[in-house]
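For reference, the structure is listed below as structure tokens.
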Amino acid sequence: MKQNKKPTIKYRKDYKVPSHLIDTTDLYFDLNEDVTIVTNHMHIRKNPASSESGDILVLDGKEQKLVSIKIDNQTILDRRYELTDETLTIVDFPESGELEITTEIKPQDNTVLMGLYKSSGIYCTQCESEGFRRITYFLDRPDVLSKFTTTIAADKKSYPILLSNGNLVDSGDSSGGRHWIKWEDPFLKPCYLFAAVAGDLEFIEDHFVTCSDRKITLRLFCEKGNRDKCFHAMDVLKQAMRWDEEKYGREYDLDLFMILAVDDFNVGAMENKGLNIFNSSCVFARSDTATDAEYGRIAGVVAHEYFHNWSGDRVTCRDWFQLSLKEGLTVFRDQTFSEDMTSQTVSRIEQVQRLRELQFPEDAGPLAHSVRPDSYMEIDNFYTMTIYEKGAEVIRMMRVLLGLEGFRRGMDLYFERHDGQAVTCDDFVKAMEDANKVDFSQFRLWY
């Protein structure tokens, strides 16, 4: 196996469209205590917008054992592919074809908590920003959007709950005390929004009736013994769903919305499509122990991840240089939600205090960077106060300039124009310009 080079600096100016597109992705997880077998069946075609050669396909992947590769149901020989620590290159790939890759991974040995990992007896995923490549070989970049179906098979006694993105479409029992569940997400999404969970969990359930009279099932899963700490988060979720309909006309689009709260999750929360995963500290609260500040933090985080369903999931970022497109916008949305649910004045004072205490020093120090960076070596270094909080202030300035009605017109056009796409900060500003017939050329300097 060849060794890859050390990490290099990536520049925004060097962006190129992907050489290929992945229309559909059908995943099968066979969970076992010693090894997990992942079968990934994809329909891949050359990207007509790319000038690169279509017969060479380079996929991202790491920390997995390659078992087999099939193209159009024919196993290919090793002379047709090259494997390195971080890529799988296939030559003589057809203009359009079915690619099936089978790999083995060991979630129980995954200590970086990226990709699929097992901790405290629960299988869980974290794929943003580049974790999916630890699950299977894929074009692991946010501008490759695919429709996913996911089947998970596991021991039924040990892992009675099997979850993934989208709607539950089928399930059944199999020999040896095992069972399987199949999930289907009808919406295009990048692989960083993929999620899979398996464990012995309990949940609370509620329902929400949308503005078009659709009844949505809401489930909040947790480790056993924590159900009584989940009700505040469920109440906030319903408030956020109603608020997003009333303020932005954004109705929830699946039949089921799920949240999982676990102790062993290395970020605060993640907006995986239809299956948000949270660190339990961002969900659990009981009236006899929680403070007002803790209630407020939970409300902000639950709302933030739900609002990502449109500002991040349905419309996502073209590349990681555009990270503030989804994070700055969604922080602004959760800030204004908190203002409406509590006190606008008090909430705004708290937001500015946080900005002055944490983001101002970042801007004045050696780690200062723009809202949309020109370069990075590791994207994980850019989940910063500037991307989130300053990015939200840039959005807020646009609302001030355009007024409430003008800003809403711009948001409506942005979602209408770019639904199901991976776009840029410039695309967002252009929607604001076009909806209001203004010129924001000078304003773009804020990015």
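Go through the residues of segment 339-353 one by one and say whether even a single one is in contact (Cβ under 8 Å) with a residue 60 or more places away in the chain and buried (at least 21 other Cβ atoms within 10 Å of the Cβ). Scanning segment 339-353, I find no residue that is in contact (Cβ under 8 Å) with a residue 60 or more places away in the chain and buried (at least 21 other Cβ atoms within 10 Å of the Cβ), so the answer is no.
Taking the criterion of being closer than 18 Å to residue 301 by Cβ and in a helix (DSSP H, G or I), the residues of segment 360-393 that qualify are 385, 387, 388, 389, 391, 392.
Looking at this structure, is residue 313 touching a residue at least 12 places away in the same chain (Cβ under 8 Å) and in a loop (DSSP other than H, G, I, E, B)?
Working: touching a residue at least 12 places away in the same chain (Cβ under 8 Å): yes; in a loop (DSSP other than H, G, I, E, B): yes.
Yes.
Say we look at segment 96-136 and pick out the residues that are basic (Lys, Arg) and surrounded by fewer than 21 Cβ atoms within 10 Å (Cβ to Cβ); which of these is nearest to residue 48 (Cα to Cα)?
Let us first name the residues in segment 96-136 that are basic (Lys, Arg), namely 106, 118, 133-134.
So of that shortlist, the ones also surrounded by fewer than 21 Cβ atoms within 10 Å (Cβ to Cβ) come out as 106, 118.
On the way: 106: 37, 118: 40 Å.
So the residue we want is 106.
Looking only at segment 34-57, filter to residues that are of a type outside the set (S, T, N, Q), in contact with a strand residue (DSSP E or B) (Cβ under 8 Å, 6 or more places away or on another chain) and surrounded by fewer than 18 Cβ atoms within 10 Å (Cβ to Cβ); which one of those is modelled with the lowest pLDDT? Here the answer is 54.
Does residue 294 fit the bill of being over 19 Å from residue 128 (Cβ atoms), without any contact (Cβ under 8 Å) to a residue 12 or more places away in the chain and not assigned by TED's automatic domain parsing to the domain that holds residue 393?
On the way: over 19 Å from residue 128 (Cβ atoms): yes; without any contact (Cβ under 8 Å) to a residue 12 or more places away in the chain: yes; not assigned by TED's automatic domain parsing to the domain that holds residue 393: yes.
In short, yes.
Taking the stated definitions as given, is residue 233 crowded, with 16+ Cβ neighbours inside 10 Å, outside the structural domain of residue 124 (by TED's automatic domain parsing) and hydrophobic (A, V, I, L, M, F, W, C)? Quick ask: steps written out before the conclusion?
Values: crowded, with 16+ Cβ neighbours inside 10 Å: yes; outside the structural domain of residue 124 (by TED's automatic domain parsing): yes; hydrophobic (A, V, I, L, M, F, W, C): yes.
In short, yes.
Applying the condition of being surrounded by 15 or more Cβ atoms within 10 Å (Cβ to Cβ), acidic (Asp, Glu) and out of contact with any Ser or Thr (no Cβ under 6 Å at 6 or more places or on another chain) to segment 151-189 and asking which residue is nearest to residue 422 (Cα to Cα) yields 185.
Of the residues 378, 405, 416, 393, only one is loosely packed, with under 14 Cβ neighbours inside 10 Å and either β-branched (Val, Ile, Thr) or under 26 Å from residue 347 (Cβ atoms) (or both); which?
Working: 378 fails: either β-branched (Val, Ile, Thr) or under 26 Å from residue 347 (Cβ atoms) (or both); 416 fails: either β-branched (Val, Ile, Thr) or under 26 Å from residue 347 (Cβ atoms) (or both); 393 fails: loosely packed, with under 14 Cβ neighbours inside 10 Å.
Every option except 405 fails the conditions.
The values are calculated or read from the model by the stated rules, or taken from the named source; none is laboratory data. Bear in mind that the values here come from a model prediction, so they are computed numbers and not experimental data. With ideal geometry, Cβ positions are generated from the backbone for all residues, glycine too; neighbour counts draw on all protein chains shown.
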